[in-house]
Amino acid sequence: RDLQRTILADLGSGVFASAVLNAGDAVIWGAEIEALAVPFPGALVNLGYGLALPEYREFFDIDPSTGMPRNFADERKFPNAPEHSLNVGAQYSLSGFAWGRLSGRVDFYWQSATLLQNGDNPLAGDDPYSIVNARIWIDELGLPEGFGDATFALWIRNAFDTAYRPFGIDFDTNSNGGLPYIVQQFGQPRTLGVELVWRIGALR
């Protein structure tokens, strides 16, 4: 109850302002399932699934055609709330080497389409997309006594260079007879990295 939502108010002449609107009443039905398994020594597998079904019960706003308040509950959509999301990860470690322990991990994330801002224009939303990250590292390195411990890693994020948009704003000027003006921010492209962490001393 008493849900607040940030909106963009058109002040005319191409000027917009952010405002907080008392949207009214809303409900979100959903479920989350998580699982973690160790199929054999050294291996770790995790799985997570989320379902979100949000809807407005009341959303009173000014109807631009009449200048009077109207309930837009059946027309407004929730931003940043994909109906389905899935993440799967797998990790494996090999010990017994004189130089340390070798580990590798792959993570997969997928989500269904969603709106990215507090509007209802699907052009300002994002299509379903998936991201794959991977990492391989060596830890438990046999450093001399008193030299602490170190971890060396190679990693890749967004391995398949997926184009996705985690943020967007719809400056809807159609009501003024203009053209839609939509700002989109794309996510990080494929990125490779090398990481070296050296810890000296102990945390107490």
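Values for this structure:
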read-out: Pairs where the first residue, in region 174-202, is modelled with pLDDT under 70 and the second is outside any strand (DSSP E or B) and open to solvent by 100 Å² or more (accessible area, probe 1.4 Å), C-beta under 8 Å, 6+ apart; value: 175/64; 180/123
read-out: Verdict on residue 143 being modelled with pLDDT under 80 and more than 30 Å from residue 200 (Cα to Cα); value: no
read-out: Considering residues of region 75-122 that are open to solvent by 60 Å² or more (accessible area, probe 1.4 Å) and among the hydroxyl-bearing types (Ser, Thr, Tyr) only, the residue farthest from residue 19 (Cα to Cα); value: 95
read-out: Count of residues meeting criterion [open to solvent by 60 Å² or more (accessible area, probe 1.4 Å), touching a residue at least 40 places away in the same chain (Cβ under 8 Å) and touching a strand residue (DSSP E or B) at 6+ places or on another chain (Cβ under 7 Å)] in region 129-148; value: 2
read-out: Extreme residue, nearest to residue 116 (Cα to Cα), among residues of region 75-89 that are outside any strand (DSSP E or B) and not hydrophobic (A, V, I, L, M, F, W, C); value: 80
read-out: Residue selected from region 36-73 under the condition part of a loop (DSSP other than H, G, I, E, B) and among the small types (Gly, Ala, Ser), by the criterion most open to solvent (accessible area, probe 1.4 Å); value: 65
read-out: Condition met for residue 169 (part of a strand (DSSP E or B) and either over 29 Å from the mean Cα position of the chain (by Cα) or at pLDDT below 95 (or both)); value: yes
read-out: Criterion: in a strand (DSSP E or B) and on the phi > 0 side of the Ramachandran plot - qualifying residue of 104, 96; value: 96
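The values are calculated or read from the model by the stated rules, or taken from the named source; none is laboratory data. Here the structure is a predicted model, which is why all the values come from computation and not from measurement. Cβ coordinates were reconstructed from backbone atoms using ideal geometry, including for glycine residues, and neighbour counts include every protein chain displayed. When the accessible area is computed, the model is the full protein with side chains, heavy atoms only, and any ligands, DNA or RNA have been set aside. Shrake-Rupley method; radii C 1.70, N 1.55, O 1.52, S 1.80 Å.
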